[in-house]
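Asker: Before we start, here is the structure in question, set down as structure tokens.
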Amino acid sequence: MDFETIRYEVADGVLTLTLDRPEQLNAFTLTMGRELIAAFDASDADDDVRAVIVTGAGRGFCAGADLSGGGASFDAEAHGADAGSVPRDLGGEVSLRIFASKKPVIAAINGPAVGVGATMTLPMDVRLAAESARMGFVFARRGIVPEAASTWFLPRVVGIAQATEWVMTGRVFDAEEALRGGLVRSLHDDGGLLQAARGLAREIAENTSPVSVALARQMLWRGLVAAHPMEAHRAESHGMATRGRAADAIEGVTAFLEKRPAAFPDRVSTDLPDVFPGWVEPTYETRSS
């Protein structure tokens, strides 16, 4: 699949999405945002993709928004929006698309990841970082506010106290601090980062039911806003009832008893049940301020 600002490569059940503007440290643009959304659409539709890795080309992950437009870089009206309107934040559209992914998503943060380069990783399921990585939620130092739905994701990932410190100072911090703060799962030397990410992705791809993983991912993320554990109980009961009689469950148990690897036949594109009856994805209406 050909894109202008990202690379889309599938091998051994793993899709690697590489942000590909290395001369600009993979700075985020309108085109990159739209291409990332299209890439996750393609990933969800492809049953050969079992897990997704997102990384950056060259020596950086993503240096944040492309600021080549100068002081008006964040002025929506200067870029064609209607006067007084409140257009959608593209970083938020990308984060929400990753949140809705039916495949697990692993961030391999291989260098600077600031601004949207940091916030876009928050709805990813696991973040691994190179020892040389540096991250920052720098919005207050640019005169703007956090975006990409990060004020929802970041406190849930690292806790409110750590989130407020990083956001209010806007400082860039090193990989060790990211690890201590719970933002990343593990640190790796530059040469071993992708290998570690691929190892984790292959563990998922080779050993698990794709439908079970997709459902579990929905349960975990959506459960973050549940008002009572009864909501989780309802979803899990639906899941057990539908999946317990599915071909994957029969194969999973049989393979265990026969001491062999399972070959799960069900597919996300055709066999994913709805275990959240009544769940409605929120919509966004642009409005005048």
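The values are calculated or read from the model by the stated rules, or taken from the named source; none is laboratory data. Not measured: the values here are computed from a predicted model. Glycine gets a Cβ as well: all are built from the backbone with ideal geometry, and neighbour counts include every protein chain shown.
Asker: Would you point out the residue of region 205-226, among those that are surrounded by fewer than 16 Cβ atoms within 10 Å (Cβ to Cβ) and touching a residue at least 60 places away in the same chain (Cβ under 8 Å), that is farthest from residue 261 (Cα to Cα)?
Answerer: 224
Asker: Further question on the same structure: I'm trying to understand the selection: among the residues of region 75-112, which are assigned to a loop (DSSP other than H, G, I, E, B), among the aliphatic types (A, V, I, L, M) and modelled with pLDDT of 95 or more?
Answerer: Answer for region 75-112, where residues must be assigned to a loop (DSSP other than H, G, I, E, B), among the aliphatic types (A, V, I, L, M) and modelled with pLDDT of 95 or more: just 100.
Asker: Report yes if some residue within region 127-135 is of a type in the set (A, V, I, L, M, F, W, C) and either free of Cβ contacts under 8 Å to residues at least 40 places away in the same chain or closer than 29 Å to residue 280 by Cβ (or both); otherwise report no.
Answerer: no
Asker: Here's something else I'd like to know. Do any helices (runs of 4 or more DSSP H) entirely within region 139-182 hold 2 or more residues that are surrounded by 14 or more Cβ atoms within 10 Å (Cβ to Cβ) and among the β-branched types (Val, Ile, Thr), and if so, which?
Answerer: Where helices (runs of 4 or more DSSP H) fall fully within region 139-182 and carry at least 2 residues being surrounded by 14 or more Cβ atoms within 10 Å (Cβ to Cβ) and among the β-branched types (Val, Ile, Thr), they are 150-158, 160-169.
Asker: Given the residues 115, 33, 69, which is the only one that is more than 29 Å from residue 203 (Cα to Cα) and at pLDDT 95 or above?
Answerer: Selected residue: 115, the only one of 115, 33, 69 that is more than 29 Å from residue 203 (Cα to Cα) and at pLDDT 95 or above.
Asker: If you scan region 257-285, which residues turn out to be outside any loop (DSSP other than H, G, I, E, B) and more than 24 Å from residue 237 (Cα to Cα)?
Answerer: 257 - this is the single residue of region 257-285 that is outside any loop (DSSP other than H, G, I, E, B) and more than 24 Å from residue 237 (Cα to Cα).
Asker: Considering only residues that are surrounded by 12 or more Cβ atoms within 10 Å (Cβ to Cβ) and not β-branched (Val, Ile, Thr), which ones fall in region 257-273?
Answerer: Scanning region 257-273 gives 262, 264, 265, 266, 267, 269, 271, 272, 273.
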